[in-house]
Amino acid sequence: MRNLICIVLVFLISCSTEEKPLIEKVFLNDGWEFHQLNPDQPTWYPAIIPGTIHTDLLKNGLINNPFYGCNEKELQWIGETDWTYRKTFQMDNEFISRPNMLLIFEGLDTYAEVFLNGQKILSANNMFRKWEVDCKSFLIEGENLLEINFESAENRFIRDSLALGYPLPGGKWVFARKAAYHFGWDWGPKLVTAGIWKPVYLETWNDHRPVEIQLFTGEITRKKAEINTEIFVNSAISEKATLTVTKTTTGKRLARKEIFLSPDLRKYVLDFSIHDPILWWTNGLGEPHLYELDFELKTGSGFTWSRHIAYGIRKVEVVNENDEYGQSLYVKLNGVPVFMKGANYIPQHSFVTEVSDDDYRKVIQTAVESNMNMLRVWGGGIYEKDIFYEHCSRNGILVWQDFMFACAMYPGDADYIENVKQEAVRQIRRLRNHTSLAMWCGNNEADEGWHNWQWQKTHNILSNDSATIWQGYRNIFHKLLPETVAANDPGRFYLHTSPMHGWGRAESLTHGSAHYWGVWWGREPFEKYLDKIPRFMSEFGFQAMPALATIRQFQAEEDDFLFSDALKCHQKHPTGYPTIDVYLEREHLNPKSLDEYIYFSQLVQAKGIGMAIEAQRRAMPYCMGSLYWQLNDCWPVTSWSGTDVNGNRKALQYKVKENYQDILVSILMHNDTSSIYLVSDRLEATEGKLQLMVFDFHGSKIWSYERGINIAANSSSQVVSFSMKSLLGGNEATKCFLKATFSDGNDTYQSIQFFRNYGQLVLPEPELKFEVVQLEDEFEIELKATEFVPFVHLYLTEGNAIFNKNFIHLMPGEKYRVTCQCKLNPDEFRKQLRVKGLGDYLAGTN
Ligand code: BMA
């Protein structure tokens, strides 16, 4: 296709004395086309950039939806095929005579040979790097042709493995600097993408090209915070310039400095202070205050450059030192140890170019509403877009950032190391100004795999090769990455791996970060979580099915049975459903229909993970972090996530919200004794009232206790305990529950504990009524029941929805209001809404 592309000009720089911009970006995202490399009769199809080969094939109607049914299996050929993309564009004489001209690829996935007017200008091999090519001598006046050939990452794996000559544990991602989850994961499909996944543009400049700016917070006192700024500029000429920084909100200038720009220098500094600084705090502890700052560079000849930065003043220290128990790992924010409450985050889609800005807003909103203060960007995905970190900064969420290495050992040759170095430099420098960035971590479970997963045996690794592989590991994770962090992001904490010890080893509970998978992978009972308390739990999890609306995304209603082929294809753990079944049986739950399986698996997931979070929070300050596996999904699937790919929240998400509140009321039932704990993350003591009540399922109070309490700041303590006998006083354990509340006069925190497993409860058959009212931009559902109804579940049969509360315990006669955001009209909403309690579901299974 010889299209005349639409050239978008972005005037980065404006110039008061000349008409032409001094730095200009000409985007080349439009008018691309693609086909398979080297077919007999090529047919070119239009492509959308940024995108991937899968999205292009799908949008041209050439393949079926990869997420539907078991389609994934039939689409494996795409990842095994080489592809080519091309576009043409016009250049006039004025443009090509400009002095400095770069062709910039923000991201190429992954093995790409780039040709401009028939000449090879770039060989790319890392999706996490930005590629800049000086293209002045290749551009011509008139029509230019840009072509990119993508080699299949799967085929490349075969070539690279043969060349290496010894096996590397892990999967097909070990050589490719490409998102590992594209090769399939235990929650994600194997869809090995290729393509231009980030913008492409030409950038021209004349005299100066500012490339980046970095801010460091120096000393912070009550009176002022010192900020040091480094600005990096490439210059072709020497001249005087002025650097200024202004507060956007007030227009107040904070600093001004005369500098001399010169081709021999690159780095310029500007130091300034902010008086009476308002510190940045995490969600729940205070305001995540950001200073909106405008930096400007102006030269005598009229060159102007500006950059806006939202910057939080805070001190984050990650304390990882030997202590009386082993080795601590905790975050100190502005001098205060803060318990990290959060989850592991994975890419939001198998094709990351499909994730919209609004999706980023929503996923962080889920974290905020769930009272989290940390997310871990897991190492098998991607370094996220800036917007992700911006939302985290604005919402008080700290980021634990893995480098993109997971569950494998990697080659250690010089080319590979250099490639990783360039990637690390690029990503560190891109992310280091984000206030949310707390720490870097070398990899996910590579050290653990090497020492605990018998890789040497299962991969037949000879001892010589074993030494080489381990040396390669050390070179990357103990040398290259920490050194690159120290050089480019001085002061930020680097952890070489997570977990620091495998979950079978004693040190995992005494030293640093731990991933506890005895529950789920080891099928241990949830009660194990009570004993397995590490210093910082960075992974633990349990699976549940997604919402019915999400299942409907991959199968038709007539396939709603256990277990349809599509349900099997949308479970990626080798023993996923049987493992869930083990835990359902322990809970005396026996789902017979899909509807019941969704509900029961979600209840059990919430119960188990809730128990773990409570145990970890109760154990503070010994344990100072709880990041469950996993916040979100990349496609519709049964997985460990609390929120499915369409934003529907599982029971877990509501449980997490309760368990991550700044005050936790926790009931520990053990050996026929119920102990009540109060945990507070608040920075000051809290005066309030603790109330304990035992109710039967008709709502009659059969026992109560009340006491005033002063909870110390940032503390956990056991307040009181009672034997079950005294709580029940002769009533049947299957027909009662314990409710504990703590009220500080403004807020009330509560916890409910049953005395028996969910399946053993003897529930009455109440009348459960609900009414729907349409509000301005959401629906309100009013619920009422004649008897106690535990775990009332609201859901839609087809539509995706966010309920502000769900899995609610309804007391008899009490009116309860829930709001729901969804895109349905009122009639459709009423038609699709289902409201069911635990008793309704149990009745179906008897
Ligand atoms: C953890 C993660 C992932 C995996 C999850 C569930 O260890 O790092 O590799 O998806 O377990 O098995």
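The values are calculated or read from the model by the stated rules, or taken from the named source; none is laboratory data. Please read all numbers here as calculations on a predicted model, not as lab measurements. Glycine gets a Cβ as well: all are built from the backbone with ideal geometry, and neighbour counts include every protein chain shown. The protein model used for the area step is the full one, side chains on, heavy atoms only, and it has no ligands, DNA or RNA in it. Shrake-Rupley method; radii C 1.70, N 1.55, O 1.52, S 1.80 Å.
Each Lys and Arg adds +1 at its Cβ and each Asp and Glu adds -1 at its Cβ; summed about the Cα centre, region 744-832 shows a dipole of about 300 debye. A cut-off of 5 Å between modelled amide H atoms, ignoring neighbours fewer than 5 places along the same chain, links Leu122 with Val114. The share of Cα pairs per 10 Å bin across region 80-164, counted from zero up to the longest distance, runs 16, 44, 27, 10, 3 percent. Derived from the Cα gyration tensor, the three semi-axes of the equivalent ellipsoid of region 385-474 are 32, 16, 8 Å, largest first.
Over region 321-392, how many percent of alpha carbon pairs lie in each 5 Å bin up to the one with the longest distance? Whole-percent P(r) values from 0 Å outward: 3, 13, 21, 21, 16, 10, 8, 5, 2, 0.
Within region 285-354, list the chymotrypsin sites (Phe, Trp or Tyr not before Pro) lying in a DSSP loop whose Cβ has at most 12 other Cβ atoms in a 10 Å radius. Show your work: numbers first, answer last.
Numbers: sites: Tyr291, Phe295, Phe303, Trp305, Tyr311, Tyr325, Tyr330, Phe339, Tyr345, Phe351; in loops: Tyr325, Phe339, Phe351.
Taking region 285-354 and a limit of 12 other Cβ atoms within 10 Å, the loop chymotrypsin sites (Phe, Trp or Tyr not before Pro) found are Tyr325.
Ranking Cys70, Gly302, Leu37 by Cα position along the charge dipole of the chain, where only Lys, Arg, Asp and Glu carry charges on their C-beta atoms, puts Gly302 farthest toward the positive end.
The loop-placed trypsin sites (Lys or Arg not before Pro) in region 777-833, going by DSSP, that have at most 13 neighbouring Cβ atoms within 10 Å of their Cβ come out as Lys815, Lys823.
Over all projection directions, the Cα-based convex hull of region 590-680 averages an area of 7.2 nm². For region 699-717, the residues whose amide N sits under 13 Å from a probe point set 7 Å from the Cα of Glu687 along the beta carbon direction are 708-711. Both radii are taken from the alpha-carbon atoms of region 286-362; with Rh as the Kirkwood radius, Rg/Rh is 1.16.
Mind checking region 241-313 for trypsin sites (Lys or Arg not before Pro) that DSSP puts in a loop (not H, G, I, E or B) and that have at most 14 other Cβ atoms within 10 Å? Before the final figure, lay out the partial values.
On the way: sites: Lys247, Lys252, Arg253, Arg256, Lys257, Arg266, Lys267, Lys298, Arg307; in loops: Lys252, Arg266.
Passing both the DSSP loop test and the Cβ count: Lys252, Arg266.
Each residue of region 273-289 is assigned a 3J(HN,Hα), and the resulting list reads 10, 10, 7, 6, x, 9, 7, 8, 10, 7, 3, x, 9, x, 7, x, 5 Hz, derived from the Karplus form 6.51 cos²θ - 1.76 cosθ + 1.60 (θ = phi - 60°), x at Gly and Pro.
Per-residue ellipticity at 222 nm from helix content only, as computed over the chain with -39500 (n - 2.57) for each DSSP H run of at least four residues, stands at -6000 deg cm²/dmol. As a calculated quantity, the FRET efficiency between Asp744 and Tyr68 at R0 = 51 Å, using C-beta atoms, amounts to about 0.55.
P(r) tail for region 644-726, what percent of Cα pairs lie past 14 Å? Let's see the in-between values first.
Values: 2418 of 3403 pairs.
In whole percent, the share of Cα-Cα pairs in region 644-726 beyond 14 Å is 71.
Calculated FRET efficiency, Asp40 to Ile140, Cβ-Cβ distance, R0 = 51 Å: about 0.95 to the nearest 0.05.
Report note on the peptides 608-620, 206-218, 454-466: ranked by the mean count of other C-beta atoms within 10 Å, highest first, their order is 608-620, 206-218, 454-466. Amide H to amide H, with H built 1.01 Å from N, Gln327 comes under 5 Å of His511, Gly512, counting only residues 5 or more places away or on other chains. Pairs of C-alpha atoms in region 120-217 farther apart than 21 Å represent 54 percent of all such pairs. Looking at the chain, the accessible area is 39 square angstrom per residue; that uses a 1.4 Å probe and ignores ligands, DNA and RNA.
Karplus-derived 3J(HN,Hα) values for region 591-605, using 6.51 cos²θ - 1.76 cosθ + 1.60 with θ = phi - 60°, are x, 10, 10, 4, 3, 5, 5, 4, 5, 5, 5, 5, 4, 5, 4 Hz; glycine and proline are entered as x. Give the Debye-formula value of log10 I(q)/I(0) at each listed q (0.11, 0.14, 0.18 Å⁻¹), with one equal scatterer per alpha carbon of region 395-549, two decimals each. For region 395-549 at q = 0.11, 0.14, 0.18 Å⁻¹, log10 I(q)/I(0) is -0.53, -0.82, -1.15. Both radii come from the Cα set of region 57-203: Rg as radius of gyration, Rh as Kirkwood radius; their ratio Rg/Rh reads 1.04. Taking each residue as 0.36 nm, the span from Arg756 to Ser97 lengthens on full extension beyond its C-alpha to C-alpha distance by 229.3 nm.
In debye to the nearest 20, how big a dipole does the chain give about its Cα centre with +1 on each Lys and Arg Cβ and -1 on each Asp and Glu Cβ? Could you put the intermediate results ahead of the total?
Numbers: 86 positive and 106 negative charges, 334 e Å.
Here the size comes out at about 1600 debye.
The phi torsions of region 392-397, fed into the Karplus equation with coefficients 6.51, -1.76 and 1.60 and a -60° offset, translate into couplings of 4, 4, 6, 10, x, 10 Hz, rounded to whole numbers, with Gly and Pro shown as x. Rolling a 1.4 Å probe over the protein heavy atoms of the chain, with every protein chain left in place, gives an accessible area that is 47 percent carbon and sulfur.
How large is the Rg to Rh ratio of the chain when both quantities use alpha carbon positions and Rh follows Kirkwood?
Values: Rg = 28.8 Å, Rh = 29.3 Å.
So for the chain, dividing Rg by the Kirkwood Rh gives 0.98.
About the centre of its Cα atoms, region 395-503 shows a dipole size close to 340 debye [charges on the beta carbon of Lys, Arg (+1) and Asp, Glu (-1) only; nearest 20 debye].
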